[in-house]
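The structure under discussion appears below in the form of structure tokens.
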Amino acid sequence: MHPKLAEYIDRAGWEINAIPEDRKRLLEEVAAFVSSARQAGNSAELTFICTHNSRRSHMGQLWAAAAAAHCGIDGVRTYSGGTEATAFNPRAVAAMEKAGFVIDKSGGDNPRYLASFDEGGPVIECFSKTYDDPVNPTEDFAAIMTCSEADEACPVVLGAALRAPIWYEDPKVVDGTPKEAAAYDERCLQIATEMLYLFSRVT
């Protein structure tokens with residue numbers, strides 16, 4: 001694990017006890033899905049979905065991958081998508097870099113980012129796409145709905161074996177205000193903490 005990220009994960013671990021019980025139950029449903037897939041000898045595929053695939057879904061994808069590695073849970077593959085494609089928002093990218101992810105950027109309207117959580121670990125390509133993009137799984141995956149708008153817009157996620165409504169408040173609401181950086185940092189820490197709890201419950 002990148003040293004700065006390892007320190008951040010240690011800090012996030014102290015927040016686990018503050019997760020509300022109803023949130024824990026939702027996270028445990030996903031943990032059970034991961035456990036079942038692994039016990040069957042299959043990879044556990046998780047697709048994080050929000051409306052624009054620009055903030056929360058990318059943060060969920062990256063934190064799930066890092067939390068699984070931190071907890072020693074192999075056979076997990078993480079993805080993200082939206083009901084429409086825009087771009088991985090630079091404010092969210094900055095919050096993840098501040099936490100300790102190493103992210104290489106490219107240009108363009110919908111840049112492709114290469115993110116890593118460990119020097120010798122996998123490199124995860126992040127760019128905005130719809131949840132049914134060809135790079136994402138099409139069957140037997142868990143659809144993790146990270147915003148209420150996407151959850152309402154997609155009453156059915158075709159191919160999903162599990163649908164988990166794990167909503168996060170959108171930090172976008174304070175874009176362009178003095179509270180902007182703090183809101184992204186808060187969401188980053190919340191998602192990190194909840195993904196660490198999720199994978200601590202995988203058997």
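The values are calculated or read from the model by the stated rules, or taken from the named source; none is laboratory data. Values in this document were obtained by computation on a predicted structure and should not be read as measured data. Neighbour counts run over all protein chains shown; Cβ positions are idealised from the backbone, glycine included.
Inside the range 106-140, residues that are of a type outside the set (D, E) and not in a loop (DSSP other than H, G, I, E, B) make up a count of 8.
Does S80 meet the test of being out of contact with any Lys or Arg (no Cβ under 6 Å at 6 or more places or on another chain), closer than 23 Å to L5 by Cβ and free of Cβ contacts under 8 Å to residues at least 60 places away in the same chain? Yes; evaluated as a whole, the condition is true for this residue. A search for C-beta distances below 6 Å between a residue of the range 15-28 that is over 19 Å from A143 (Cβ atoms) and any residue that is modelled with pLDDT of 95 or more and loosely packed, with under 15 Cβ neighbours inside 10 Å, counting only pairs 6+ apart in sequence or on different chains, returns nothing.
Go over the candidates T51, T47 one by one and state the one that is over 17 Å from A192 (Cβ atoms), polar (S, T, N, Q), at pLDDT below 95 and crowded, with 17+ Cβ neighbours inside 10 Å.
Result of the check over T51, T47: T51.
Has the range 174-197 got at least one residue that is within 20 Å of D22 (Cα to Cα), in contact with a Ser or Thr (Cβ under 6 Å, 6 or more places away or on another chain), in contact (Cβ under 8 Å) with a residue 60 or more places away in the chain and not hydrophobic (A, V, I, L, M, F, W, C)? No, the range 174-197 has no match at all. For A95, indicate whether it is under 16 Å from the mean Cα position of the chain (by Cα), under 23 Å from K179 (Cβ atoms) and surrounded by 21 or more Cβ atoms within 10 Å (Cβ to Cβ). So A95 passes the test. Among the candidates A66, A32, the residue that is of a type outside the set (S, T, N, Q) and surrounded by fewer than 21 Cβ atoms within 10 Å (Cβ to Cβ) is uniquely A32. Selection within the range 125-174: residues that are among the aromatic types (F, W, Y) and within 20 Å of F33 (Cβ to Cβ). The member of this set that is surrounded by the most Cβ atoms within 10 Å (Cβ to Cβ) is Y131. Does K24 meet the test of being surrounded by fewer than 20 Cβ atoms within 10 Å (Cβ to Cβ) and closer than 25 Å to A161 by Cβ? In short, yes. Does E45 satisfy being acidic (D, E) and assigned to a helix (DSSP H, G or I)? No; evaluated as a whole, the condition is false for this residue.
Within the range 90-109, the set of residues being modelled with pLDDT of 95 or more and touching a helix residue (DSSP H, G or I) at 6+ places or on another chain (Cβ under 9 Å) comprises R91, A92, V93, A94, A95, M96, K98, A99, G100, F101, V102, I103.
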